[in-house]
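Novice: What follows is a single structure, and I will ask about it in a moment.
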Amino acid sequence: MKKDALKKYKTKRDFTKTSEPNGTVKKTKPKKEPMFVIQRHDARNLHYDLRLEDGGVLKSWALPKGPPKTTKERHLAIETEDHPIAYGSFEGTIPKGEYGAGTVEIWDSGTFENIKYHDDKLVPFSTCMKEGTIEVHLDGKRLKGNYALIRFKGELKQWIMIKMKKKRAIKEA
Ligand code: MN
């Protein structure tokens, strides 16, 4: 994990007021499968937060409409700051006046598999983040299937999330 990976997360929050994880990193044994979580966040605007574990943090996106249910939907996903791994099990109320004030509930969680291949070689997840093309198989309780996140060209934080028809093959957005 990069040294300052959670700097943004920490500066946005007052941990004397919110019960959210404070971003202290505990050394844990590396697991085989990285985790994913989708939290229902009833804040000023109800949205869902998708988080995918990579490099010791949870890469995060806010989904104003939640994850797509069919392969025809293209749902906006706004990249947000990296969250600590411990956030993956956080549920609770963020007090009024604090960043993200409202309630957080786990809507789905499980593990995911990176399924982004290029010329039959698996593309490392960190490269997918950098290139703005992510393909994952989500193995959750509600969501089981292949999803892609594709960053809009020329945008830093705006992505779309789509449900993929089949494994691997996907057209560029
Ligand atoms: Mn949120």
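Novice: Looking at the range 40-68, I want the residues that are free of Cβ contacts under 8 Å to residues at least 12 places away in the same chain and closer than 12 Å to GLY100 by Cα and have a partner that is within 10 Å of the ligand (Cβ to nearest atom) and of a type outside the set (Ser, Thr, Tyr) with Cβ atoms under 7 Å, at least 6 apart or on another chain. Which pairs are those?
Specialist: Note: no pairs meet the criteria.
Novice: Would you please list the contacts, defined by Cβ atoms under 9 Å and residues six or more apart or on different chains, that run from a residue in the range 116-143 that is on the phi > 0 side of the Ramachandran plot to a residue that is of a type in the set (A, V, I, L, M, F, W, C) and surrounded by 17 or more Cβ atoms within 10 Å (Cβ to Cβ)?
Specialist: What qualifies is GLY132/LEU149; GLY132/ILE150; GLY132/TRP159.
Novice: Could you run through the range 31-48 and say how many residues are part of a strand (DSSP E or B), more than 9 Å from the ligand (Cβ to nearest atom) and either over 16 Å from the mean Cα position of the chain (by Cα) or among the aromatic types (Phe, Trp, Tyr) (or both)?
Specialist: 3
Novice: Considering each of GLU105, GLU131 in turn, give the residue that is farther than 15 Å from GLU53 by Cα and either out of contact with any Lys or Arg (no Cβ under 6 Å at 6 or more places or on another chain) or surrounded by 15 or more Cβ atoms within 10 Å (Cβ to Cβ) (or both).
Specialist: Values: GLU105 fails: either out of contact with any Lys or Arg (no Cβ under 6 Å at 6 or more places or on another chain) or surrounded by 15 or more Cβ atoms within 10 Å (Cβ to Cβ) (or both).
Sole residue among the options that is farther than 15 Å from GLU53 by Cα and either out of contact with any Lys or Arg (no Cβ under 6 Å at 6 or more places or on another chain) or surrounded by 15 or more Cβ atoms within 10 Å (Cβ to Cβ) (or both): GLU131.
Novice: Continuing with this model, one more query. Going through ALA86, ALA101 one at a time, which residue ends up being among the small types (Gly, Ala, Ser) and in contact with a strand residue (DSSP E or B) (Cβ under 6 Å, 6 or more places away or on another chain)?
Specialist: Numbers: ALA86 fails: in contact with a strand residue (DSSP E or B) (Cβ under 6 Å, 6 or more places away or on another chain).
Sole residue among the options that is among the small types (Gly, Ala, Ser) and in contact with a strand residue (DSSP E or B) (Cβ under 6 Å, 6 or more places away or on another chain): ALA101.
Novice: For the range 148-173, give me the residue count where each residue is modelled with pLDDT of 95 or more, within 14 Å of THR71 (Cβ to Cβ) and either surrounded by fewer than 11 Cβ atoms within 10 Å (Cβ to Cβ) or in contact with a Leu (Cβ under 6 Å, 6 or more places away or on another chain) (or both).
Specialist: 1
Novice: Right, something else. Could you check how many residues of the range 49-85 are away from the ligand (no atom under 13 Å from the Cβ) and under 20 Å from PHE125 (Cβ atoms)?
Specialist: We begin by selecting, within the range 49-85, every residue away from the ligand (no atom under 13 Å from the Cβ); these are 52-57, 59, 65, 67-76, 82, 84-85.
Narrowing the set further to residues that are under 20 Å from PHE125 (Cβ atoms) leaves 52-57, 59, 67, 82, 84-85.
Adding up the residues that qualify gives 11.
The values are calculated or read from the model by the stated rules, or taken from the named source; none is laboratory data. Remember, predicted model here, so these are calculated numbers, not experimental data. With ideal geometry, Cβ positions are generated from the backbone for all residues, glycine too; neighbour counts draw on all protein chains shown.
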